[in-house]
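Quick note: the coordinates plus some simple rules give every number you see, no bench work behind them. For clarity, every value in this text was computed on a predicted model and none was experimentally measured. Heads up, the Cβs are rebuilt from the backbone with ideal geometry, glycines too, and the neighbour counts pull from every protein chain shown.
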Ligand code: ADP
């Protein structure tokens, strides 16, 4: 099963993706985690994207598309993957379609975690307060505003694309982790049975 998890920063995509990894044996592909690993290891790619990521803007599409195209071809994605953080622009969504078709794969579910912006800000503030020294370079107030804006302007316009295909499933991301997870379970079970 191949799943996309959409949601604004702080919506809980990473948490739900980890639960899905455990429950369904899917592989979580978090583009944010991949970029942070490159940055931490100071690879050429990491050095190239650091300024962009730390500012809260989006890394160029060609870079992200190449990363994902390579990643979903790996053996650990054979029984399925959860895209967490990709696609984030219309160009990425279109290229994803092309690469899936080329690889003979398909999307089984596209899930959007909907969250109130006020609650998002509270959650991210809590994450910043807890993380101390381990704080992510992009977890601060101003950068968060840029990230939310990138979500609204560049990522939200993709949703109608999946909606038209009848693939977009909306989940209330303000519920508890368990309740959100149960809802996602219902969606995936229904897809499996179909
Ligand atoms: P968030 O907490 O906002 O969901 P992520 O951990 O998914 O953030 O991503 C962190 C940063 O990495 C983004 O703000 C962006 O700079 C970069 N990034 C991650 N995925 C993508 C992508 N698909 N396209 C462009 N930039 C990306």
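Take residue 33 and decide whether it is within 9 Å of the ligand (Cβ to nearest atom) and surrounded by fewer than 18 Cβ atoms within 10 Å (Cβ to Cβ).
Yes; evaluated as a whole, the condition is true for this residue.
Please enumerate the residues belonging to segment 63-74 that are out of contact with any strand residue (DSSP E or B) (no Cβ under 8 Å at 6 or more places or on another chain) and either in a helix (DSSP H, G or I) or within 14 Å of residue 21 (Cβ to Cβ) (or both).
Scanning segment 63-74 gives 63, 64, 65, 66, 67, 69, 70.
For segment 75-92, state whether one or more residues are surrounded by fewer than 21 Cβ atoms within 10 Å (Cβ to Cβ), in contact with a strand residue (DSSP E or B) (Cβ under 6 Å, 6 or more places away or on another chain) and within 24 Å of residue 123 (Cα to Cα).
no
Does residue 53 satisfy the condition of being under 22 Å from residue 9 (Cβ atoms), within 8 Å of the ligand (Cβ to nearest atom), surrounded by 18 or more Cβ atoms within 10 Å (Cβ to Cβ) and free of Cβ contacts under 8 Å to residues at least 24 places away in the same chain?
No; evaluated as a whole, the condition is false for this residue.
Name the helices (runs of 4 or more DSSP H) wholly inside segment 80-164 in which the number of residues that are without any contact (Cβ under 8 Å) to a residue 12 or more places away in the chain and over 16 Å from the mean Cα position of the chain (by Cα) is 3 or more.
Fully inside segment 80-164 and qualifying: 90-102, 117-131, 159-164.
Being in contact (Cβ under 8 Å) with a residue 60 or more places away in the chain, in a helix (DSSP H, G or I) and in contact with a strand residue (DSSP E or B) (Cβ under 7 Å, 6 or more places away or on another chain) is the filter here; which residues of segment 165-194 pass it?
180, 184, 187, 188, 191
Here are some conditions: (1) more than 10 Å from the ligand (Cβ to nearest atom); (2) surrounded by 16 or more Cβ atoms within 10 Å (Cβ to Cβ); (3) touching a residue at least 12 places away in the same chain (Cβ under 8 Å). Residue 46 meets all but one. Which one does it not meet?
(3)
Taking segment 1-43 as the region of interest, how many residues are more than 19 Å from residue 188 (Cβ to Cβ) and either under 11 Å from the mean Cα position of the chain (by Cα) or touching a residue at least 12 places away in the same chain (Cβ under 8 Å) (or both)?
Of the residues in segment 1-43, 10 are more than 19 Å from residue 188 (Cβ to Cβ) and either under 11 Å from the mean Cα position of the chain (by Cα) or touching a residue at least 12 places away in the same chain (Cβ under 8 Å) (or both).
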